[in-house]
Amino acid sequence: MLKVRHAIVCLLCRHLSETVAFPSILSNINWKAGVELLDNFEWPKTTSPTKRETTPNGSTILWVIQDTYEGSTFFDTFNFYTGADPTNGLVNFVDEQTAFNDGLARVTSDNKVIMRGDNTTQLAYGVNRNSVRITSQAQYNMGLFILDLDMAPWGCGVWPAFWTLGNGTWPFNGEIDIIEGVHDNEHNQVTWHTAPGCNLTQSTNFTGSIVQTNYVDNLQCDAFINGNAGCGVTEWSRASYGPLFDEADGGVFAMNWDENGIAVWSFYRATIPLDITQGEPNPSNWGEPVAALSAQSCNITNYFANHSIIFDITFCGDWAGNSYNTSGCTGTCQNTLMDPANFVNASWIINSLSVYKQTLLVIGGTSGATRRHPIMNLEMTGWIISTIVFLHIVLVSL
(Lines give C-alpha, C1' and ligand atoms only; values in the text may rest on other atoms or scores of the structure.)
Protein backbone atom coordinates (compact mmCIF):
# COMPACT_ATOMS: atom_id res chain seq x y z
CA MET A 1 0.00 0.00 0.00
CA LEU A 2 2.89 2.38 0.78
CA LYS A 3 4.29 1.89 -2.72
CA VAL A 4 0.87 2.67 -4.19
CA ARG A 5 0.70 5.91 -2.17
CA HIS A 6 4.14 6.93 -3.38
CA ALA A 7 3.16 6.21 -6.96
CA ILE A 8 -0.01 8.27 -6.64
CA VAL A 9 1.90 11.15 -5.05
CA CYS A 10 4.46 11.11 -7.87
CA LEU A 11 1.72 11.12 -10.50
CA LEU A 12 -0.05 14.00 -8.73
CA CYS A 13 3.16 15.98 -8.40
CA ARG A 14 3.93 15.51 -12.10
CA HIS A 15 0.41 16.58 -13.04
CA LEU A 16 0.47 19.62 -10.75
CA SER A 17 3.79 20.77 -12.14
CA GLU A 18 2.29 20.86 -15.64
CA THR A 19 -0.88 22.82 -14.84
CA VAL A 20 -1.93 26.02 -13.04
CA ALA A 21 -5.46 24.85 -12.34
CA PHE A 22 -6.72 24.95 -8.74
CA PRO A 23 -8.45 21.86 -7.35
CA SER A 24 -12.14 22.69 -7.34
CA ILE A 25 -12.67 21.44 -3.79
CA LEU A 26 -10.29 24.19 -2.55
CA SER A 27 -11.72 27.05 -4.55
CA ASN A 28 -13.16 28.79 -1.49
CA ILE A 29 -9.92 28.95 0.50
CA ASN A 30 -8.76 32.45 1.53
CA TRP A 31 -5.43 32.54 -0.27
CA LYS A 32 -4.27 35.64 1.65
CA ALA A 33 -4.34 33.70 4.89
CA GLY A 34 -0.79 32.40 4.49
CA VAL A 35 0.73 35.72 3.41
CA GLU A 36 2.61 37.88 5.89
CA LEU A 37 3.53 41.47 5.14
CA LEU A 38 6.68 42.98 6.59
CA ASP A 39 6.46 45.43 9.51
CA ASN A 40 2.84 44.43 10.25
CA PHE A 41 1.67 46.23 7.11
CA GLU A 42 -2.10 46.52 6.80
CA TRP A 43 -3.94 46.40 3.49
CA PRO A 44 -5.65 49.72 2.64
CA LYS A 45 -9.30 49.80 3.68
CA THR A 46 -10.41 52.61 1.38
CA THR A 47 -13.22 52.08 -1.08
CA SER A 48 -13.20 55.51 -2.72
CA PRO A 49 -9.96 56.00 -4.75
CA THR A 50 -10.23 55.52 -8.50
CA LYS A 51 -6.50 54.98 -8.93
CA ARG A 52 -3.32 54.72 -6.91
CA GLU A 53 -0.01 56.47 -7.34
CA THR A 54 2.66 54.27 -8.85
CA THR A 55 6.40 54.56 -9.33
CA PRO A 56 8.03 54.11 -12.77
CA ASN A 57 8.72 50.43 -11.94
CA GLY A 58 5.06 49.79 -11.16
CA SER A 59 5.22 49.79 -7.37
CA THR A 60 2.12 51.15 -5.66
CA ILE A 61 2.59 54.21 -3.44
CA LEU A 62 0.69 54.25 -0.17
CA TRP A 63 0.77 57.01 2.43
CA VAL A 64 1.04 55.83 6.04
CA ILE A 65 0.47 58.21 8.95
CA GLN A 66 3.67 59.29 10.66
CA ASP A 67 2.68 62.15 12.97
CA THR A 68 -0.60 63.81 13.93
CA TYR A 69 -0.76 67.24 15.54
CA GLU A 70 -4.18 68.10 16.93
CA GLY A 71 -6.27 68.90 19.98
CA SER A 72 -4.96 69.08 23.53
CA THR A 73 -1.56 67.60 22.63
CA PHE A 74 -0.89 69.91 19.66
CA PHE A 75 1.61 72.16 21.41
CA ASP A 76 3.41 69.31 23.21
CA THR A 77 5.77 68.70 20.29
CA PHE A 78 6.31 72.32 19.21
CA ASN A 79 8.79 74.83 20.61
CA PHE A 80 7.93 78.52 20.96
CA TYR A 81 10.42 80.78 19.18
CA THR A 82 11.33 83.97 21.05
CA GLY A 83 14.13 85.42 18.94
CA ALA A 84 14.12 88.41 16.63
CA ASP A 85 12.02 88.10 13.49
CA PRO A 86 14.38 87.26 10.59
CA THR A 87 11.95 89.07 8.25
CA ASN A 88 12.22 92.32 10.25
CA GLY A 89 8.60 92.33 11.37
CA LEU A 90 7.37 94.75 14.04
CA VAL A 91 6.66 91.83 16.38
CA ASN A 92 7.59 90.28 19.72
CA PHE A 93 7.41 86.49 19.54
CA VAL A 94 6.45 85.44 23.08
CA ASP A 95 7.36 82.33 25.05
CA GLU A 96 4.95 79.49 25.74
CA GLN A 97 3.85 80.61 29.20
CA THR A 98 3.16 84.16 28.03
CA ALA A 99 1.30 82.88 24.99
CA PHE A 100 -1.05 80.76 27.10
CA ASN A 101 -1.44 83.34 29.85
CA ASP A 102 -2.39 86.05 27.35
CA GLY A 103 -4.61 83.84 25.19
CA LEU A 104 -2.29 83.97 22.18
CA ALA A 105 -2.18 80.16 22.17
CA ARG A 106 -4.88 77.82 23.42
CA VAL A 107 -6.96 74.76 22.62
CA THR A 108 -10.74 75.07 22.79
CA SER A 109 -13.13 72.58 24.40
CA ASP A 110 -13.92 71.22 20.93
CA ASN A 111 -10.20 70.71 20.18
CA LYS A 112 -9.64 73.71 17.93
CA VAL A 113 -6.04 74.95 18.11
CA ILE A 114 -5.86 78.74 18.30
CA MET A 115 -2.79 80.89 17.67
CA ARG A 116 -3.21 84.64 17.25
CA GLY A 117 -1.55 87.98 17.32
CA ASP A 118 -2.42 90.27 20.23
CA ASN A 119 -5.74 92.00 19.42
CA THR A 120 -6.47 93.60 22.80
CA THR A 121 -3.55 95.92 23.57
CA GLN A 122 -3.39 99.55 22.43
CA LEU A 123 0.25 100.32 21.57
CA ALA A 124 2.28 103.49 21.46
CA TYR A 125 3.87 104.39 18.15
CA GLY A 126 7.02 102.34 17.52
CA VAL A 127 6.15 99.52 19.96
CA ASN A 128 6.04 96.00 18.54
CA ARG A 129 2.92 93.83 18.84
CA ASN A 130 3.05 90.42 20.57
CA SER A 131 2.47 87.28 18.56
CA VAL A 132 3.37 83.59 18.24
CA ARG A 133 5.86 81.56 16.23
CA ILE A 134 6.21 77.81 16.85
CA THR A 135 8.58 75.18 15.41
CA SER A 136 8.08 71.42 15.39
CA GLN A 137 10.52 69.33 17.39
CA ALA A 138 10.42 66.68 14.67
CA GLN A 139 12.31 67.12 11.42
CA TYR A 140 11.31 65.60 8.11
CA ASN A 141 12.93 64.48 4.90
CA MET A 142 10.07 64.20 2.41
CA GLY A 143 6.47 63.35 3.23
CA LEU A 144 2.85 64.34 2.68
CA PHE A 145 1.77 67.21 4.94
CA ILE A 146 -1.98 67.87 5.28
CA LEU A 147 -3.26 70.87 7.24
CA ASP A 148 -6.98 71.20 8.00
CA LEU A 149 -7.88 74.65 9.30
CA ASP A 150 -10.96 76.81 9.79
CA MET A 151 -9.10 80.10 9.54
CA ALA A 152 -5.77 81.56 8.48
CA PRO A 153 -4.66 85.05 9.63
CA TRP A 154 -5.24 88.13 7.47
CA GLY A 155 -5.70 91.88 7.71
CA CYS A 156 -3.84 95.11 7.01
CA GLY A 157 -0.26 94.82 8.21
CA VAL A 158 -0.60 91.08 8.92
CA TRP A 159 1.88 88.56 7.46
CA PRO A 160 1.24 84.90 8.42
CA ALA A 161 2.93 81.77 7.15
CA PHE A 162 2.72 77.98 7.41
CA TRP A 163 6.04 76.65 6.15
CA THR A 164 8.85 74.16 6.52
CA LEU A 165 12.48 75.09 7.02
CA GLY A 166 15.72 73.11 6.76
CA ASN A 167 18.14 73.13 9.67
CA GLY A 168 21.61 74.63 9.57
CA THR A 169 22.62 77.73 7.66
CA TRP A 170 19.75 79.22 5.71
CA PRO A 171 18.92 78.65 2.85
CA PHE A 172 21.16 75.67 2.13
CA ASN A 173 18.63 73.06 3.28
CA GLY A 174 15.74 74.91 1.69
CA GLU A 175 12.51 76.60 2.72
CA ILE A 176 8.98 75.73 1.54
CA ASP A 177 6.27 78.35 2.13
CA ILE A 178 2.95 76.50 1.86
CA ILE A 179 0.59 79.24 3.07
CA GLU A 180 1.74 82.83 2.91
CA GLY A 181 0.14 86.18 2.25
CA VAL A 182 -0.11 89.76 3.45
CA HIS A 183 -2.85 92.27 4.21
CA ASP A 184 -6.23 91.45 2.65
CA ASN A 185 -4.79 89.40 -0.22
CA GLU A 186 -7.15 86.84 -1.73
CA HIS A 187 -4.58 84.57 -3.40
CA ASN A 188 -2.20 82.35 -1.44
CA GLN A 189 1.43 82.27 -2.55
CA VAL A 190 3.58 79.12 -2.50
CA THR A 191 7.31 79.85 -2.52
CA TRP A 192 10.61 77.96 -2.45
CA HIS A 193 13.87 79.52 -1.21
CA THR A 194 17.08 77.59 -1.86
CA ALA A 195 20.80 77.80 -2.47
CA PRO A 196 21.79 78.67 -6.06
CA GLY A 197 21.05 76.07 -8.73
CA CYS A 198 17.42 75.07 -8.05
CA ASN A 199 14.89 76.38 -10.56
CA LEU A 200 11.21 76.17 -11.46
CA THR A 201 10.36 74.30 -14.64
CA GLN A 202 7.85 76.33 -16.66
CA SER A 203 6.43 73.26 -18.40
CA THR A 204 5.39 71.62 -15.10
CA ASN A 205 1.63 71.19 -14.82
CA PHE A 206 0.11 73.37 -12.10
CA THR A 207 -2.82 75.78 -12.00
CA GLY A 208 -1.18 78.82 -10.38
CA SER A 209 0.81 81.65 -11.93
CA ILE A 210 4.57 82.06 -11.54
CA VAL A 211 5.47 85.15 -9.51
CA GLN A 212 7.23 87.78 -11.60
CA THR A 213 9.75 90.56 -11.05
CA ASN A 214 9.47 93.39 -13.59
CA TYR A 215 7.18 91.18 -15.71
CA VAL A 216 9.75 88.37 -15.85
CA ASP A 217 9.03 84.96 -14.28
CA ASN A 218 11.10 84.27 -11.16
CA LEU A 219 12.33 80.82 -12.15
CA GLN A 220 15.41 80.81 -9.92
CA CYS A 221 14.71 79.74 -6.34
CA ASP A 222 18.09 81.19 -5.35
CA ALA A 223 17.55 83.13 -2.10
CA PHE A 224 20.55 85.37 -2.79
CA ILE A 225 19.01 87.20 -5.77
CA ASN A 226 15.90 89.30 -6.50
CA GLY A 227 15.71 90.49 -2.91
CA ASN A 228 15.13 86.93 -1.68
CA ALA A 229 11.95 86.54 -3.73
CA GLY A 230 12.70 82.88 -4.36
CA CYS A 231 10.58 81.07 -6.94
CA GLY A 232 6.92 81.42 -6.16
CA VAL A 233 3.51 80.53 -7.55
CA THR A 234 0.34 82.50 -6.84
CA GLU A 235 -2.83 80.41 -6.54
CA TRP A 236 -5.63 81.13 -9.00
CA SER A 237 -8.44 80.86 -6.43
CA ARG A 238 -9.69 83.99 -4.65
CA ALA A 239 -10.67 81.70 -1.77
CA SER A 240 -7.14 80.42 -1.13
CA TYR A 241 -6.25 83.22 1.30
CA GLY A 242 -7.93 85.96 3.27
CA PRO A 243 -11.60 86.82 3.80
CA LEU A 244 -13.18 84.41 1.33
CA PHE A 245 -11.17 81.45 2.61
CA ASP A 246 -12.37 82.14 6.14
CA GLU A 247 -15.96 82.80 5.07
CA ALA A 248 -15.98 79.33 3.49
CA ASP A 249 -15.00 77.80 6.88
CA GLY A 250 -11.43 77.30 5.75
CA GLY A 251 -10.27 74.10 4.15
CA VAL A 252 -7.22 71.93 3.57
CA PHE A 253 -3.71 72.59 2.28
CA ALA A 254 -1.58 69.60 1.25
CA MET A 255 2.12 69.48 0.37
CA ASN A 256 3.64 66.38 -1.24
CA TRP A 257 7.44 66.32 -1.05
CA ASP A 258 9.44 63.46 -2.53
CA GLU A 259 12.48 62.98 -4.75
CA ASN A 260 10.40 63.74 -7.86
CA GLY A 261 9.31 67.19 -6.74
CA ILE A 262 7.33 69.30 -4.29
CA ALA A 263 3.66 69.99 -5.04
CA VAL A 264 0.98 71.91 -3.15
CA TRP A 265 -2.82 71.61 -3.34
CA SER A 266 -5.52 73.63 -1.59
CA PHE A 267 -9.18 72.74 -1.11
CA TYR A 268 -11.82 74.93 0.46
CA ARG A 269 -14.13 73.14 2.86
CA ALA A 270 -16.75 71.94 0.37
CA THR A 271 -14.18 70.39 -1.98
CA ILE A 272 -11.93 68.40 0.36
CA PRO A 273 -11.32 64.96 -1.24
CA LEU A 274 -12.94 62.00 0.50
CA ASP A 275 -9.63 60.14 0.74
CA ILE A 276 -8.27 62.97 2.91
CA THR A 277 -11.24 62.98 5.28
CA GLN A 278 -10.97 59.18 5.54
CA GLY A 279 -7.30 59.42 6.49
CA GLU A 280 -6.20 57.57 3.35
CA PRO A 281 -4.79 60.37 1.15
CA ASN A 282 -4.19 59.67 -2.52
CA PRO A 283 -2.74 62.66 -4.41
CA SER A 284 -3.29 60.85 -7.72
CA ASN A 285 -6.98 61.69 -7.39
CA TRP A 286 -6.56 65.40 -6.63
CA GLY A 287 -5.94 66.75 -10.10
CA GLU A 288 -3.22 69.26 -10.94
CA PRO A 289 -1.58 70.97 -7.95
CA VAL A 290 -1.76 74.72 -7.55
CA ALA A 291 2.05 74.87 -7.47
CA ALA A 292 4.84 72.42 -8.20
CA LEU A 293 8.64 72.37 -8.18
CA SER A 294 9.85 69.61 -10.47
CA ALA A 295 13.03 67.59 -10.09
CA GLN A 296 13.63 68.32 -13.78
CA SER A 297 15.34 71.62 -12.91
CA CYS A 298 16.01 71.11 -9.21
CA ASN A 299 17.65 68.16 -7.49
CA ILE A 300 15.15 67.91 -4.64
CA THR A 301 17.24 65.76 -2.32
CA ASN A 302 20.21 68.12 -2.67
CA TYR A 303 18.31 71.30 -1.89
CA PHE A 304 15.76 70.25 0.74
CA ALA A 305 16.62 68.35 3.94
CA ASN A 306 15.84 68.10 7.66
CA HIS A 307 12.79 70.36 7.69
CA SER A 308 10.88 71.53 10.73
CA ILE A 309 7.26 72.72 10.50
CA ILE A 310 6.65 76.37 11.40
CA PHE A 311 3.58 78.52 12.03
CA ASP A 312 3.95 82.24 12.61
CA ILE A 313 2.16 85.59 12.49
CA THR A 314 4.28 88.69 12.04
CA PHE A 315 3.43 92.31 11.21
CA CYS A 316 4.74 94.75 8.62
CA GLY A 317 8.34 93.67 7.94
CA ASP A 318 10.07 93.00 4.63
CA TRP A 319 6.96 91.98 2.69
CA ALA A 320 3.92 93.42 4.47
CA GLY A 321 5.73 96.65 5.33
CA ASN A 322 7.24 97.23 1.90
CA SER A 323 3.96 96.47 0.11
CA TYR A 324 1.72 98.43 2.46
CA ASN A 325 1.44 101.57 0.32
CA THR A 326 0.07 99.55 -2.62
CA SER A 327 -2.11 97.23 -0.53
CA GLY A 328 -5.23 99.36 -0.40
CA CYS A 329 -4.87 99.67 3.38
CA THR A 330 -5.09 103.15 4.92
CA GLY A 331 -2.37 105.10 6.68
CA THR A 332 0.99 103.46 7.37
CA CYS A 333 1.85 100.01 8.62
CA GLN A 334 3.34 101.48 11.81
CA ASN A 335 0.14 103.43 12.55
CA THR A 336 -2.04 100.40 11.81
CA LEU A 337 0.02 98.36 14.27
CA MET A 338 -1.05 100.58 17.18
CA ASP A 339 -4.78 99.75 17.12
CA PRO A 340 -5.71 96.21 18.32
CA ALA A 341 -9.01 96.38 16.40
CA ASN A 342 -7.01 95.97 13.19
CA PHE A 343 -5.98 92.45 14.23
CA VAL A 344 -9.25 90.72 15.05
CA ASN A 345 -8.66 88.39 12.07
CA ALA A 346 -5.00 87.69 12.78
CA SER A 347 -5.64 84.14 13.99
CA TRP A 348 -4.94 80.54 13.08
CA ILE A 349 -7.77 78.11 13.88
CA ILE A 350 -6.45 74.61 13.22
CA ASN A 351 -8.32 71.31 13.26
CA SER A 352 -5.36 69.03 12.57
CA LEU A 353 -1.99 68.69 10.90
CA SER A 354 -1.13 65.20 9.64
CA VAL A 355 2.21 64.04 8.26
CA TYR A 356 2.29 60.87 6.16
CA LYS A 357 5.32 58.91 4.99
CA GLN A 358 5.56 57.21 1.65
CA THR A 359 5.44 53.41 1.50
CA LEU A 360 5.93 51.28 -1.60
CA LEU A 361 3.88 48.10 -1.94
CA VAL A 362 5.63 45.66 -4.27
CA ILE A 363 3.97 42.38 -5.23
CA GLY A 364 6.70 39.88 -6.05
CA GLY A 365 10.40 40.44 -6.73
CA THR A 366 12.71 42.62 -4.72
CA SER A 367 12.86 46.37 -4.37
CA GLY A 368 14.42 49.15 -2.41
CA ALA A 369 10.94 50.05 -1.19
CA THR A 370 10.26 50.90 2.41
CA ARG A 371 8.16 47.73 2.68
CA ARG A 372 7.60 44.91 0.26
CA HIS A 373 5.76 41.67 -0.15
CA PRO A 374 8.14 38.95 1.09
CA ILE A 375 6.91 35.96 -0.91
CA MET A 376 5.79 35.53 -4.51
CA ASN A 377 2.46 36.85 -5.69
CA LEU A 378 -0.83 35.82 -4.14
CA GLU A 379 -1.93 33.57 -7.00
CA MET A 380 1.22 31.45 -6.86
CA THR A 381 1.10 31.34 -3.05
CA GLY A 382 -2.49 30.10 -3.15
CA TRP A 383 -1.64 27.47 -5.77
CA ILE A 384 1.16 26.06 -3.59
CA ILE A 385 -1.11 25.92 -0.54
CA SER A 386 -3.89 24.24 -2.51
CA THR A 387 -1.48 21.62 -3.82
CA ILE A 388 -0.23 20.74 -0.34
CA VAL A 389 -3.75 20.52 1.08
CA PHE A 390 -4.98 18.45 -1.87
CA LEU A 391 -2.13 15.96 -1.53
CA HIS A 392 -2.85 15.65 2.19
CA ILE A 393 -6.52 14.87 1.53
CA VAL A 394 -5.65 12.24 -1.06
CA LEU A 395 -3.06 10.50 1.12
CA VAL A 396 -5.33 10.45 4.16
CA SER A 397 -8.10 8.85 2.11
CA LEU A 398 -5.86 5.99 0.87
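None of 315, 267 is of a type outside the set (Gly, Ala, Ser) and either in contact with a Phe, Trp or Tyr (Cβ under 7 Å, 6 or more places away or on another chain) or at positive phi (or both) except 315.
Output the number of residues of region 233-256 satisfying the condition of being open to solvent by less than 10 Å² (accessible area, probe 1.4 Å) and closer than 11 Å to residue 186 by Cβ.
First, the residues of region 233-256 that are open to solvent by less than 10 Å² (accessible area, probe 1.4 Å): 233, 235, 240-242, 245, 250-255.
Subset that is closer than 11 Å to residue 186 by Cβ: 235, 240-242, 245.
Matching residues across region 233-256 total 5.
Under the condition of being free of Cβ contacts under 8 Å to residues at least 12 places away in the same chain and within 27 Å of residue 199 (Cβ to Cβ), the residues counted in region 303-325 number 1. The combined condition, being closer than 25 Å to residue 344 by Cβ, more than 23 Å from the chain's Cα centre (by Cα) and among the aliphatic types (A, V, I, L, M), is fulfilled by residue 127.
Pairing each residue of region 87-110 that is free of Cβ contacts under 8 Å to residues at least 12 places away in the same chain with any residue that is assigned to a helix (DSSP H, G or I) and surrounded by 15 or more Cβ atoms within 10 Å (Cβ to Cβ), provided the two are 6+ apart or on different chains, yields C-beta distances under 7 Å for 106/100. Considered as a group, the residues in region 326-355 that are polar (S, T, N, Q) and without any contact (Cβ under 8 Å) to a residue 40 or more places away in the chain include one that is most open to solvent (accessible area, probe 1.4 Å), and that residue is 326.
Evaluation of residue 259 against the conditions (1) surrounded by 14 or more Cβ atoms within 10 Å (Cβ to Cβ); (2) under 22 Å from residue 140 (Cα atoms) shows that the sole unmet condition is (1).
Residues in region 270-281 that are out of contact with any Lys or Arg (no Cβ under 9 Å at 6 or more places or on another chain) and either hydrophobic (A, V, I, L, M, F, W, C) or in a loop (DSSP other than H, G, I, E, B) (or both): 7 in all. For region 113-140, give me each residue that is among the β-branched types (Val, Ile, Thr), touching a Ser or Thr at 6+ places or on another chain (Cβ under 8 Å) and farther than 24 Å from residue 262 by Cα. Across region 113-140, the qualifying residue is only 114. Only a single item in (1) hydroxyl-bearing (Ser, Thr, Tyr); (2) without any contact (Cβ under 8 Å) to a residue 24 or more places away in the chain; (3) touching a strand residue (DSSP E or B) at 6+ places or on another chain (Cβ under 7 Å) is not met by residue 209, and it is number (2). When restricted to residues that are within 24 Å of residue 210 (Cα to Cα) and in a loop (DSSP other than H, G, I, E, B), region 282-304 contains 11.
Scanning region 329-359 for residues that are assigned to a helix (DSSP H, G or I) and among the hydroxyl-bearing types (Ser, Thr, Tyr) yields a single hit, 336. Look at residue 304 and say whether it is within 17 Å of residue 151 (Cβ to Cβ) and crowded, with 18+ Cβ neighbours inside 10 Å. In short, no. Can we say residue 320 is in a helix (DSSP H, G or I), under 30 Å from residue 343 (Cα atoms) and modelled with pLDDT under 95? So residue 320 does not fit the description; no. Once region 94-108 is narrowed to residues that are open to solvent by 40 Å² or more (accessible area, probe 1.4 Å) and part of a loop (DSSP other than H, G, I, E, B), the residue that is farthest from residue 155 (Cα to Cα) is 95. Residues considered: 60, 68, 77. Of these, the only one that is within 22 Å of the chain's Cα centre (by Cα), at pLDDT below 95, open to solvent by less than 80 Å² (accessible area, probe 1.4 Å) and not small (Gly, Ala, Ser) is 60. The residues in region 120-175 that are closer than 30 Å to residue 302 by Cβ and in contact with a strand residue (DSSP E or B) (Cβ under 9 Å, 6 or more places away or on another chain) can be counted, and the count is 30.
The values are calculated or read from the model by the stated rules, or taken from the named source; none is laboratory data. Keep in mind the model is a prediction, meaning the values are calculated, not measured. Don't worry about glycine lacking a Cβ; one is built from the backbone with ideal geometry, like all the others, and counts go over all protein chains shown. We work out accessible area using only protein heavy atoms, side chains counted, and drop any ligands, DNA or RNA first. Shrake-Rupley method; radii C 1.70, N 1.55, O 1.52, S 1.80 Å.
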